[in-house]
């Protein structure tokens with residue numbers, strides 16, 4: 001008889017905030033975002049703050065801090081602060097501690113991404129299974145994104161094409177092929193703040209055509225998610241001025257892997273056909289050439 005799996009450790013306050021922010025994303029105001037940004041940099045100090053002192057640090061009103069706390073599902077700012085105090089008393093650090101030399105940008109980025117990645121298995125196991133089943137049963141799978149998020153869609157399409165035959169990427173400049181989308185198709189739409197107007201408009205077209213919609217975004221509070229069959233909400237917070245797509249890439253890689261496992265024979269046939277085509281067209285470098293010693297330039 002197999003032993004019970006070890007219980008998962010309780011979420012840290014930082015991870016709790018990530019989960020709650022993901023649920024509320026789309027309902028957060030500009031003041032909420034300012035408070036959130038301040039908290040991420042000063043989470044270790046939260047246990048000692050009042051609503052007034054936190055508001056002063058974030059450059060908002062005390063009332064805005066109270067509204068922010070309630071928007072994240074806390075009864076009051078006091079409850080949020082008590083969570084921080086309880087974590088502090090337990091010996092677990094609620095956030096990055098500024099001891100010694102300040103961490104580099106890379107160190108802070110890595111720490112933030114690790115914390116976000118640890119949340120994915122808690123948040124997305126069931127939605128990911130549903131999304132995999134939708135894609136596995138689709139006639140054609142389309143990837144849709146615009147602006148900065150387009151690169152994520154390109155990568156996902158290139159991954160999925162290895163294991164499924166009809167996988168298409170919507171060119172933001174020429175989205176016309178979507179005119180042929182049908183009820184048997186699935187669309188994976190990727191949109192993160194600031195949300196591209198064209199992506200949101202094409203989502204409406206997708207649903208009007210009766211196709212399945214999988215939405216990869218940064219929260220479940222958006223008005224535009226109501227029509228989605230599956231929502232994959234991932235944290236995108238970063239200590240830098242840029243969003244982090246590391247969790248989004250992780251989810252897409254896991255999604256493709258799950259689709260591949262749902263029909264092993266079909267996956268094998270597609271992989272074999274892809275490899276044969278690449279070899280016939282001389283599209284890949286042979287192993288011997290990769291391991292060849294570098295050519296020395298003349299002196």
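The values are calculated or read from the model by the stated rules, or taken from the named source; none is laboratory data. Please read all numbers here as calculations on a predicted model, not as lab measurements. With ideal geometry, Cβ positions are generated from the backbone for all residues, glycine too; neighbour counts draw on all protein chains shown.
Data for the structure
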read-out	value
Out of 260, 273, sole residue that is assigned by TED's automatic domain parsing to the domain that holds residue 154, under 26 Å from residue 166 (Cβ atoms), in contact with a helix residue (DSSP H, G or I) (Cβ under 6 Å, 6 or more places away or on another chain) and part of a helix (DSSP H, G or I)	260
Qualifying residue in region 227-245 (condition: surrounded by fewer than 22 Cβ atoms within 10 Å (Cβ to Cβ), in contact (Cβ under 8 Å) with a residue 24 or more places away in the chain and either part of a helix (DSSP H, G or I) or not assigned by TED's automatic domain parsing to the domain that holds residue 128 (or both))	no
In region 22-38, residue surrounded by the most Cβ atoms within 10 Å (Cβ to Cβ) [restricted to those that are within 16 Å of residue 115 (Cβ to Cβ) and at pLDDT below 90]	22
Some residue of region 200-209 being in contact with a strand residue (DSSP E or B) (Cβ under 8 Å, 6 or more places away or on another chain), surrounded by 12 or more Cβ atoms within 10 Å (Cβ to Cβ) and closer than 28 Å to residue 271 by Cα	no
Which listed residue is closer than 16 Å to residue 11 by Cα and modelled with pLDDT of 90 or more, from 88, 80	80
